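The values are calculated or read from the model by the stated rules, or taken from the named source; none is laboratory data. No experiment lies behind these values; they were computed from the predicted model shown. Glycine gets a Cβ as well: all are built from the backbone with ideal geometry, and neighbour counts include every protein chain shown. Just so you know, the surface numbers come from the protein's heavy atoms only, side chains and all, with ligands and any DNA or RNA stripped out. Shrake-Rupley method; radii C 1.70, N 1.55, O 1.52, S 1.80 Å.
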Amino acid sequence: MKNQNIMFTRSVPKMSKARLFRSVLALGVVALIMHVSLPRAQAYDLSSLNGSYADSFAGFFPVSPGSPHNPPPIDVYGPVNEAGLWTFDGAGSFTARLVFNFGGGVILNASWSQNVTGTYTVNANGTGTMTLTGDHRRHFVIGDGGRQLKYVGTDPTGGIVVGGSMVKQ
């Protein structure tokens, strides 16, 4: 029995202190590389929106507008829907071709000839604001690395309230 223990200890190679130190050091370097290479939170800027996006929203507009400080009751609102093609230049400007339906069967601008322009800002955390010609605004958040936008839209003078999303084409 004693001979078996001796045989076992002789078959396990002995590791020198220098070799043990090199092994631990190598493992530490690998762990450091893995920690440093982990993905970081993306910082967004104007160039995060670049190219064409398909857009769709649904919301409400006041059939008989009230003042911005005295909104009309909900029963005087009608549905509004929109589809659009937005093109962002990556530098803070956009153009859009839009069609609308204001609570009826008629599509406004069915020929896609209406061209809307405006500007946008982007914060480092992916939030931002689009300002369309006039006083229309969309407050958005960028998703999926710039491939999606989720937004709410307001028109302080006209009372239109919408929510929608855009997807990069």
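Filter segment 68-103 down to the residues that are hydrophobic (A, V, I, L, M, F, W, C) and not in a strand (DSSP E or B), then identify the one that is least open to solvent (accessible area, probe 1.4 Å).
As a first pass, look at segment 68-103 and keep what is hydrophobic (A, V, I, L, M, F, W, C): 74, 76, 80, 83, 85-86, 88, 91, 94, 96, 98-100, 102.
When the remaining residues are screened for being not in a strand (DSSP E or B), the result is 74, 76, 91, 102.
Values: I74: 132, V76: 38, A91: 71, F102: 83 Å².
Within segment 68-103, the match that is least open to solvent (accessible area, probe 1.4 Å) is V76.
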Q) In segment 56-67, which residues are within 27 Å of W86 (Cβ to Cβ) and either open to solvent by 70 Å² or more (accessible area, probe 1.4 Å) or at pLDDT 95 or above (or both)? A) F60, P65
Q.
Show the residue pairs meeting these rules: Cβ distance below 7 Å; 6+ apart or different chains; first residue within segment 106-127 and touching a residue at least 24 places away in the same chain (Cβ under 8 Å); second residue acidic (D, E).
A. V122/D45
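Yes/no per residue for (1) on the phi > 0 side of the Ramachandran plot; (2) part of a strand (DSSP E or B); (3) surrounded by 14 or more Cβ atoms within 10 Å (Cβ to Cβ):
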site	(1), (2), (3)
G105	no, no, no
T117	no, yes, no
M130	no, yes, yes
D135	no, no, no
V141	no, yes, yes
Y151	no, yes, yes
V162	no, yes, yes
Q) What number goes with the only condition from (1) part of a strand (DSSP E or B); (2) small (G, A, S); (3) open to solvent by 20 Å² or more (accessible area, probe 1.4 Å) that S113 does not pass? A) (1)
Q) How do the pairs read when you match residues in segment 83-97 that are more than 14 Å from Q169 (Cβ to Cβ) with residues anywhere that are outside any strand (DSSP E or B), using Cβ under 6 Å and keeping only pairs 6 or more apart or on different chains? A) G90/S47; A91/L46; G92/L46
